[in-house]
Amino acid sequence: DSSGSRFRRRTRLDHYGESSDSSHGSVTTHVLNTFTGRPAEGLAIHLSRLEDPQQPWIEMMKSSTDTDGRCPPFPAPGTARPGTYKLHFDTGSYWQLLGYTSFYPYVEVVFTITDPSQKLHIPLLLSPFSYTTYRGS
Amino acid sequence: RPSRRAPELLGLGASPRGRLGPKWTQAAASHGSVTTHVLNTFTGRPAEGLAIHLSRLEDPQQPWIEMMKSSTDTDGRCPPFPAPGTARPGTYKLHFDTGSYWQLLGYTSFYPYVEVVFTITDPSQKLHIPLLLSPFSYTTYRGS
């Protein structure tokens, strides 16, 4: 029927619109506590950008992980540009609240965005004396 | 009567001999250090020629203070940091020039560099901080 056709047309346009619009790039993360084998909940994360190597980092957004160790995608739509970024994970505070000592006061992962339309996934596997990060999908 | 920890306060050359003799000298000589070992997990070989800097954070409101820099040998290792007698409790970071390393090998990497920020609580401890490195992933841990 006509309403169904309109819906399908809109869906196709929305899909095309999204894939060609460079403002839809994002950075997501997923923090897993490999000591407990569970997601790391309540861990504060900050995203910053390096505009000029001689200047301090510019903080863009901060968030906190949910019960699944995730938080809303960074950064705000339309603000991703090629450049150098870092994710700062407040791991020291996280372990302290759980009653553990950690070797690392925090973890920072510095990475490069070359294509601002790309969806980047940067997980962190975390334990008190070790961590792993990788570019996922 | 001086405590057994006194030689670390006096410095390397000031350990008295005599009654406390060998143990005293041993305590003075066993200054803490930081070692690292960088492994290229893409090739399965040690990462040679990778520049590493050790810095200390004296004051969170001030820039990091660079203490030493070195470069990995054919086994992915470099001489222990820092200079004997200079390790103190505090916050340190190892900066690994991974971006340049991959670029020289002809690869693009996701990370322009890797920095590992860690805490020294016991300056007499020997800390080993390996880095397992590939163009799109890395792992670090406190080893032994």
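The values are calculated or read from the model by the stated rules, or taken from the named source; none is laboratory data. Remember, predicted model here, so these are calculated numbers, not experimental data. Neighbour counts run over all protein chains shown; Cβ positions are idealised from the backbone, glycine included. With ligands, DNA and RNA removed, areas are computed over all heavy atoms of the protein, side chains included. Shrake-Rupley method; radii C 1.70, N 1.55, O 1.52, S 1.80 Å.
Descriptive notes on the structure:
- The numbered conditions (1) surrounded by fewer than 18 Cβ atoms within 10 Å (Cβ to Cβ); (2) without any contact (Cβ under 8 Å) to a residue 60 or more places away in the chain are all true for B:Glu115 except (1).
- Residues of segment A:77-126 satisfying the condition of being of a type in the set (A, V, I, L, M, F, W, C), within 13 Å of chain B (Cβ to nearest Cβ) and part of a helix (DSSP H, G or I): A:Trp95
- Given (1) farther than 21 Å from B:Val114 by Cα; (2) touching a helix residue (DSSP H, G or I) at 6+ places or on another chain (Cβ under 8 Å); (3) of a type in the set (Val, Ile, Thr), number of the condition A:Thr65 does not satisfy: (2)
- Some residue of segment B:76-85 being over 20 Å from B:Arg142 (Cβ atoms), modelled with pLDDT of 95 or more, open to solvent by 60 Å² or more (accessible area, probe 1.4 Å) and among the charged types (D, E, K, R): no
- Candidates B:Leu127, B:Leu132, B:Leu104: the one that is open to solvent by less than 40 Å² (accessible area, probe 1.4 Å) and either out of contact with any Gly (no Cβ under 8 Å at 6 or more places or on another chain) or among the aliphatic types (A, V, I, L, M) (or both) is B:Leu127.
- Scoring B:Ser55 on the criteria (1) over 15 Å from the mean Cα position of the chain (by Cα); (2) surrounded by 13 or more Cβ atoms within 10 Å (Cβ to Cβ) leaves a single failure, condition (1).
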